[in-house]
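Step one of this worksheet: look at the structure below.
The values are calculated or read from the model by the stated rules, or taken from the named source; none is laboratory data. Bear in mind the structure is a predicted one, so any value in this text is a computation, not a measurement. With ideal geometry, Cβ positions are generated from the backbone for all residues, glycine too; neighbour counts draw on all protein chains shown. Note: accessible area is taken over every heavy atom of the protein model, side chains too, but ligands, DNA and RNA are not part of it. Shrake-Rupley method; radii C 1.70, N 1.55, O 1.52, S 1.80 Å.
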Amino acid sequence: MAAGRVFAFRDARWAPDPVLAPSPAVRSPQPVPLVIDNGSFQTRAGWAAADPSVPAEPLLRFRSLAARSRGARGGAGAETQVGNDLGSPEPLRWLLRSPFDRNVPVQLELQELLLDHVFQRLGVSSQGCVDHPIVLTEAVCNPLYSRQMMSELLFECYQVPKVSYGVDSLYSFYHNRRQNWPCSGLVISSGYQCTHILPVLEGRLDAKNCKRINIGGCQAAVYLQRLLQLKYPGHFAAITLSRMEEILHEHSYIAEDYIEELQKWRSPEYYENNVHKMQLPFSNKLLGSTLTSEEKQERRQQQLRRLQELNARRREEKLQLDQERLDRLLYVQELLEDGQMDQFHKALVELNMDSAEELQSYINKLSLAVEQTKQKILQAEVNIEVDVVDSKPETPDLDPLGSEQSLEDVESINEFEPLFAEDQPEAEKPVATVQPVFNLAEYHQLFLGTERIRAPEIVFQPSLIGEDQAGIAETMQYVLERYPKEQQAILVQNVFLTGGNAMYPGLKARVQKELLEMRPFQSSFQVRVLTDEQTSQKHHVLKSIPVWERYGVSVLRAWDGECSMTRHVTAALTPRMMVKQRYS
């Protein structure tokens with residue numbers, strides 16, 4: 001909530017995903033497809049069933065992260081947590097692992113953990129295999145090696161019957177196409193790790209002219225964290241990546257004109273009206289706490305008791321060790337008294353001693369040490385209660401020799417008492433409280449000014465973080481210039497913004513401004529962005545299978561025609577996965 005533009009961090013904890021009981025409709029009359037949106041930021045999964053009893057939205061949503069602890073020494077083995085089971089990512093930040101390099105899955109062991117989590121929590125009950133067809137999203141122009149490893153994992157490990165791969169941004173483009181929208185367009189997909197510019201002509205992706213920018217929400221969060229840590233070095237540890245992501249999602253926006261917006265922020269009045277103050281958690285207790293004398297006395301006594309218990313434990317351990325050594329030496333001495341000379345000399349060699357006199361000397365020293373330790377333990381038990389002397393005695397001893405004072409001496413002392421009355425300490429003086437010299441709440445606030453626009457700006461100006469790459473505007477112009485003017489005019493009539501970064505306020509106006517600068521005079525263009533990207537982006541994959549039928553592409557062709565997977569067994573080779581692709 002905001003109180004005078006002061007916002008508190010939610011620091012929300014992730015609730016563990018329950019194990020869902022699948023509806024009978026997902027298995028009858030035949031197993032329905034299982035759709036997995038395998039994103040580098042978040043994994044979403046659900047059923048693609050025509051039955052209305054099966055929810056159309058994803059049933060699982062969790063971060064694509066896994067953490068594996070080493071386990072306690074001598075105790076249980078390593079424990080693996082996936083997604084929402086982590087609770088909060090910050091305590092385990094140094095243990096977090098992701099299967100993605102940018103947005104390409106490369107760590108198949110971690111990918112297997114994510115898939116295990118999906119199948120287990122969705123309640124896949126088939127024995128020894130996953131008998132549902134799988135629809136899996138992947139990156140644009142995914143490397144063949146990555147797809148091969150993913151296919152091998154699905155077929156060899158899970159025994160899935162069929163697999164279909166697709167690009168999530170194209171699913172979103174086709175699903176959100178309205179009746180009067182053209183089938184051609186320019187898709188700008190900006191996600192957590194990368195940004196893609198995808199030209200679509202007559203419903204087909206032109207993969208040769210796709211371009212990729214290695215800038216996304218992850219780099220923006222790291223950049224914002226670095227900015228605020230340099231600005232507030234006193235709160236270095238409190239400025240975490242999770243809080244930076246929260247700032248990006250809820251308090252950042254993209255400026256239509258970056259330089260002009262920075263000039264506005266130079267105005268004190270504009271700054272006061274638009275600055276967002278993020279309240280960090282803090283404690284009202286000051287370092288010089290206002291403890292009374294009784295509380296200080298009690299604290300000293302507690303510390304003293306702990307120290308006494310520690311010393312007593314050490315004395316007991318030392319006594320036990322010395323007693324064991326003494327018993328060993330006495331046993332060797334008994335060998336000498338019994339006349340067993342061979343065993344006696346062998347024992348002396350083991351003890352690294354030369355003669356019986358040296359043995360006797362060690363026995364005497366250990367006996368004395370054992371007796372002294374026993375006396376200390378007994379004395380400590382007797383003197384358990386120890387009075388702690390805190391300050392001067394309340395009644396000073398004016399007569400240390402114990403002699404009786406005469407009446408004249410007492411009167412002479414009373415004559416000098418008024419002279420020293422100011423120097424005498426007060427007997428019952430209350431403890432003064434420490435008043436703060438500044439506002440603690442304001443000290444623990446992060447003032448977000450130009451940081452609100454500087455972090456999202458890196459998708460248009462990667463040079464802000466030292467990246468030698470082109471931004472969205474330059475890459476979009478480069479892609480358009482690879483087509484004739486007629487096709488350029490067709491593409492710019494449907495510029496579609498999708499991905500997580502499409503939720504930034506002002507992105508649509510910024511893209512329109514960039515297109516206005518690069519397009520010819522009096523030319524037209526259309527920029528469209530989803531009104532609720534967070535909801536639609538999560539739902540578009542599940543709703544895209546009926547869309548294939550709507551556009552004349554059957555589900556069977558989507559399964560078997562575009563990417564058919566068969567298994568081939570020969571006499572000389574072990575069972576091996578074969579991938580056959582047919583391109584139109």
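Any residue at all in region 273-280 that's within 21 Å of E442 (Cβ to Cβ) and surrounded by fewer than 11 Cβ atoms within 10 Å (Cβ to Cβ)? Yes: region 273-280 contains one or more residues that are within 21 Å of E442 (Cβ to Cβ) and surrounded by fewer than 11 Cβ atoms within 10 Å (Cβ to Cβ). Highlighted here are the helices (runs of 4 or more DSSP H) found entirely within region 96-175 that include at least 2 residues which are in contact with a helix residue (DSSP H, G or I) (Cβ under 7 Å, 6 or more places away or on another chain) and surrounded by 20 or more Cβ atoms within 10 Å (Cβ to Cβ): 108-121, 168-175.
Taking every residue in region 134-146 that is free of Cβ contacts under 8 Å to residues at least 24 places away in the same chain and pairing it with any residue that is in a strand (DSSP E or B) and surrounded by fewer than 20 Cβ atoms within 10 Å (Cβ to Cβ), at least 6 positions away or on another chain, the pairs with Cβ-Cβ distances below 9 Å are L144/V579.
Per-residue answers, yes or no, for (1) in contact (Cβ under 8 Å) with a residue 60 or more places away in the chain; (2) in a loop (DSSP other than H, G, I, E, B); (3) touching a strand residue (DSSP E or B) at 6+ places or on another chain (Cβ under 7 Å); (4) not small (G, A, S):
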| position | (1), (2), (3), (4) |
| --- | --- |
| F7 | yes, no, yes, yes |
| D11 | yes, yes, no, yes |
| A15 | yes, yes, no, no |
| V19 | yes, yes, no, yes |
| P22 | yes, yes, no, yes |
| P29 | no, yes, no, yes |
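The set of residues in region 181-209 being over 26 Å from Q42 (Cβ atoms) and in a helix (DSSP H, G or I) consists of K208, N209. The listed residues are A220, A255, and the only one of them that is touching a helix residue (DSSP H, G or I) at 6+ places or on another chain (Cβ under 7 Å), surrounded by 17 or more Cβ atoms within 10 Å (Cβ to Cβ) and closer than 27 Å to L96 by Cα turns out to be A220.
From the list R226, R243, R212, R178, the lone residue that is open to solvent by 20 Å² or more (accessible area, probe 1.4 Å) and part of a strand (DSSP E or B) is R212. Residues considered: L321, L310, L304, L336. Of these, the only one that is open to solvent by less than 100 Å² (accessible area, probe 1.4 Å), at pLDDT below 85 and farther than 30 Å from D11 by Cα is L336.
Give me the residue from region 38-54 that is outside any strand (DSSP E or B) and among the hydroxyl-bearing types (S, T, Y) and, out of that set, least open to solvent (accessible area, probe 1.4 Å).
Result: S40.
With respect to V222, is the statement that it is out of contact with any Cys (no Cβ under 9 Å at 6 or more places or on another chain) and either of a type in the set (F, W, Y) or farther than 26 Å from L60 by Cα (or both) true? Against the criterion (out of contact with any Cys (no Cβ under 9 Å at 6 or more places or on another chain) and either of a type in the set (F, W, Y) or farther than 26 Å from L60 by Cα (or both)), V222 qualifies. Within region 445-495, the set of residues being over 20 Å from N209 (Cβ atoms), part of a helix (DSSP H, G or I), among the β-branched types (V, I, T) and open to solvent by 30 Å² or more (accessible area, probe 1.4 Å) comprises just one member, I465. Quick check on region 193-206. Is at least one of its residues surrounded by fewer than 14 Cβ atoms within 10 Å (Cβ to Cβ) and not aliphatic (A, V, I, L, M)? Checked region 193-206: at least one residue is surrounded by fewer than 14 Cβ atoms within 10 Å (Cβ to Cβ) and not aliphatic (A, V, I, L, M).
Taken as a whole, the structure leaves S293 outside the set of residues that are touching a helix residue (DSSP H, G or I) at 6+ places or on another chain (Cβ under 9 Å), among the hydroxyl-bearing types (S, T, Y) and at pLDDT below 95. Here F525 clears all of (1) part of a loop (DSSP other than H, G, I, E, B); (2) at pLDDT below 90 except the condition numbered (2). Under the condition of being open to solvent by 50 Å² or more (accessible area, probe 1.4 Å) and within 27 Å of R226 (Cβ to Cβ), the residues counted in region 496-513 number 2. Checking each residue in region 256-272 for being touching a residue at least 12 places away in the same chain (Cβ under 8 Å) and either of a type in the set (A, V, I, L, M, F, W, C) or part of a helix (DSSP H, G or I) (or both) picks out Y258, E261, L262, W265, Y271.
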